[in-house]
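S.K.: Handing you this structure, nothing more for now.
The values are calculated or read from the model by the stated rules, or taken from the named source; none is laboratory data. This structure is a prediction, so every number in the text was calculated from the model and none was measured. With ideal geometry, Cβ positions are generated from the backbone for all residues, glycine too; neighbour counts draw on all protein chains shown.
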Amino acid sequence: MQRTFAHAFDCDRTLWVKAAQRYRIFAYDPWGFALVTAPTLGDMFELNDRYASLNYTLAQFRHVVDSRGNVGILLDFSAVPEDIRDFVSIRDAVAFTTFLHDLWGGTFPFGYIELPPKGLRDIAFDFRARVTQAKVGCAAWLWPESLMRATLPLSDSVLHKAYVSECDELLSCRHRDALLSRILALIEKPGGYDLSMAEIARICAVSERTLQRKLATLGLSFRDVVAERRRRAAEDLLLCGRRSVASIAEELGYAEVSSFHQAFRRWTGLGPRDFRRLHDLKGHPPEGAIDRVDSAQSEAEHGFIRSCAHH
């Protein structure tokens, strides 16, 4: 989904910035709530390390200290796939800066921010801080070390305990649903929709019976998983860009366009062209395209499971 959005709006990167600005701190529930209610800024970053897998970013977080004793966070984008690296670096730089301003309840007292020389320094966004040039492929936010002991404006011990408990439960669920994640990753690869359950089971090194049983504990069947992933991919491809319905049907593994039409009408009550027409804003970003990026965290397994349950 991130790749679809990035490619669709590469010609107007201001939309990447606008999408990133919608990542406000309370959009990260419950991870965001656990962070914002932490006792101090230092506690907040310890939690961020602990629950890193609940975050949406593809970049790698690292703690840094500069020669003047400032501390902070570095985002390394070097491992992000090249075709979406610009998108991820712009989105994460804007989103993380916005996150820290929200966390502070006003302008965060940065010492300075370092941004790569290409792309990021030219975007139309007010970082509200002194911006300097970083090495290629990284961005960094630094501030005086004494701020790590500062009490956060929304610190609340009771709420913090509750949200930390929710985060622990989410992590536990992620581990239980690791097989589902592997199945989804295989389906999303080129030609993945053509894989049979037997082929998926063989790649995952489990028997068909085991795969069926594990999906059943989540209230799913293999057919449910493939159909739901196809539906989501079909909606994204129709809304982001102007690809033909025939090419979308082929990408999703349909031998006949008519079969794709029938399936899409069964999912949404509309044909593919009617669905696209309904969401067409005459040259503006398709409705829901930015919102899909805003809610990237909801693509975690449990959001997927709830959606499958209704189809």
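S.K.: Test each condition in (1) surrounded by fewer than 18 Cβ atoms within 10 Å (Cβ to Cβ); (2) modelled with pLDDT under 85; (3) in contact with a Lys or Arg (Cβ under 9 Å, 6 or more places away or on another chain); (4) in a helix (DSSP H, G or I) for residue 242 and report the one that comes out false.
M.R.: Every condition holds for residue 242 apart from (4).
S.K.: Quick one: residue 166 ticks every box in (1) among the charged types (D, E, K, R); (2) touching a helix residue (DSSP H, G or I) at 6+ places or on another chain (Cβ under 9 Å); (3) not in a helix (DSSP H, G or I) bar one, so which box is it?
M.R.: Answer for residue 166: the failing condition is (3).
S.K.: Consider the range 31-47. How many of its residues are crowded, with 18+ Cβ neighbours inside 10 Å and either hydrophobic (A, V, I, L, M, F, W, C) or farther than 15 Å from residue 104 by Cβ (or both)?
M.R.: 10
S.K.: Any chance you could count how many residues in the range 122-133 are part of a loop (DSSP other than H, G, I, E, B) and either of a type in the set (Val, Ile, Thr) or surrounded by 12 or more Cβ atoms within 10 Å (Cβ to Cβ) (or both)?
M.R.: 5
S.K.: Moving to a separate point now. Is it the case that some residue within the range 189-196 is outside any loop (DSSP other than H, G, I, E, B), in contact with a helix residue (DSSP H, G or I) (Cβ under 6 Å, 6 or more places away or on another chain) and modelled with pLDDT of 90 or more?
M.R.: No, there is no match, as no residue in the range 189-196 is outside any loop (DSSP other than H, G, I, E, B), in contact with a helix residue (DSSP H, G or I) (Cβ under 6 Å, 6 or more places away or on another chain) and modelled with pLDDT of 90 or more.
Yes/no per residue for (1) within 20 Å of residue 17 (Cβ to Cβ); (2) part of a helix (DSSP H, G or I):
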{"position": "102", "(1), (2)": "yes, yes"}
{"position": "110", "(1), (2)": "yes, no"}
{"position": "135", "(1), (2)": "no, no"}
{"position": "147", "(1), (2)": "no, yes"}
{"position": "155", "(1), (2)": "no, no"}
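S.K.: Which residue pairs have Cβ atoms under 6 Å apart, sit 6 or more places apart or on different chains, and have a first residue in the range 159-173 that is within 13 Å of residue 47 (Cα to Cα) and among the aliphatic types (A, V, I, L, M) and a second that is modelled with pLDDT of 90 or more and part of a helix (DSSP H, G or I)?
M.R.: Within 6 Å, the pairs are 164/34.
S.K.: Being at pLDDT below 90, closer than 23 Å to residue 131 by Cα and touching a Leu at 6+ places or on another chain (Cβ under 7 Å): is that true of residue 25 here?
M.R.: So residue 25 fits the description; yes.
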